[in-house]
């Protein structure tokens, strides 16, 4: 498999070679023709200036062209023979450092000059020994012949030298490119290899991070991979915890169901053996009810994760008082001292929540308060806040109670070590409360004071 550095080296080298080869071909074949074309166009432009120039300004125009346009201009009257005109023109050119070693004017050229409508004849002379091309424009004007001469070097030899230099430059450029690309590719590929190693470790659940500081997109990629690794690590940890909780949950369900089933089986066997003292059937019925309640709560807990909330606005105080009434009339609760404080401002306010599920929350919280209060005292406060209605319920707690705040929300967590069902119930109440409040995205908290336990939740006002 090709590495990134080799691909970069090959790609850039091919690009450099292509550029240099194109340049060499252009210099060898296109540039000479283009250069000659430019010189001829310039000479043609100068010729037109001489044709349209006024007789009184002709000398000034000639001087300006010779000084600024790299052109030589000479003239001679046409009332002489072709030989005399040729010799005079050559002499004038020689005086101006233009050396032509052949006849440039003859009778044939003069005839052509007389026959053309434009009074202009062009001619090119190649001086191989001087390695020079001469471009000549002949003009007939006011009984005189004007000769414009522009010279260029024969470009083939120059092109060969330039191309030879280009070949050397190509070799030097390729060498420099190879070195630069190798250094640069190492700067790119080494962090990428480090990222690859980290990604492979992440794929194997080894959630590592990588430190790369290149101040470019690679650094941004490293930050993204680090963030992904951290999030995956958190998710992986949560999955491990959930798996552990699932195992504990399964074990607890097994225990919670196995105990009443064992009692049912034992008392049924006692009835068969004639040992019934008149209470066996009632005990079997109670244990069957306990299993029913447990299963109903398990189904409720499972449904809470799937059922959508039915949001509505309603009076929370009315709901609380309706739920509380059921517990106040319970004969088992007559010895509990109940203190309820309701802020007058909240009596007419409504909260926005799922009314049915919030009733389940109140039932569980109030039921737990009555079960676990150690000092036979329960205090409920409903007060006003700017954006919420605050509900707080507080009950006494025995000093010997071993309360684990990390596990108190878990299913089947019980406070009493004896697991007395008259005190502890199924251990699913707070799990149901947590699931409902989390679904509402509601803020809630559990506070432990010296010998008191307080639950507080903040309900969104309408």
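Per-residue ellipticity at 222 nm, computed for the chain from helices alone with -39500 (n - 2.57) per DSSP H run of at least four residues, works out to -19000 deg cm²/dmol. Relative to the 2.2 N^0.38 Å rule of thumb, segment 207-307 has a C-alpha radius of gyration ratio of 2.08.
With N the number of residues in the chain, Rg(Cα) / (2.2 N^0.38 Å) evaluates to 2.34.
Using a Förster distance of 56 Å, how high is the FRET efficiency between residue 183 and residue 101, based on the Cβ-Cβ distance and rounded to 0.05? So, using R0 = 56 Å, E works out to roughly 0.45. Each of 285, 173 was scored by other Cβ atoms within 10 Å of its Cβ. Listed from fewest to most, they are 285, 173. From the alpha carbon centroid of segment 82-151 to that of segment 265-298 is 135 Å. What the Cβ-Cβ distance of residue 446 and residue 306 gives, at R0 = 25 Å and to the nearest 0.05, is a FRET efficiency of 0.45. For the pair residue 408 and residue 241, a Förster radius of 22 Å applied to the C-beta separation gives a FRET efficiency near 0.90, rounded to the nearest 0.05. Taking the 0 to 90 degree range and rounding to the nearest ten, how far is the long axis of helix 58-68 tilted relative to the main principal axis of the chain, both from C-alpha atoms? So the inclination is approximately 50 degrees.
For the peptides 14-23, 369-378, the ranking by mean Cβ contacts within 10 Å, running from highest to lowest, is 369-378, 14-23. For the pair residue 16 and residue 230, the difference between a 0.36 nm per residue extended length and the Cα-Cα distance amounts to 72.6 nm. The distance between label points at residue 439 and residue 359 comes to 1.5 nm (points 7 Å beyond Cα on the Cα→Cβ vector).
Ranked by the mean number of other Cβ atoms within 10 Å per residue, highest first, peptides 353-362, 227-236 order as 353-362, 227-236. When each of 39, 74 is scored by the number of other beta-carbon atoms lying within 10 Å, the sequence from fewest to most is 39, 74.
Among 182, 311, the order by Cβ neighbours within 10 angstrom, fewest to most, reads 311, 182.
Bear in mind that the values in this text are calculations on the coordinates, not laboratory data. Values in this document were obtained by computation on a predicted structure and should not be read as measured data. Virtual Cβ from ideal backbone geometry, glycine too; neighbours counted across all protein chains shown.
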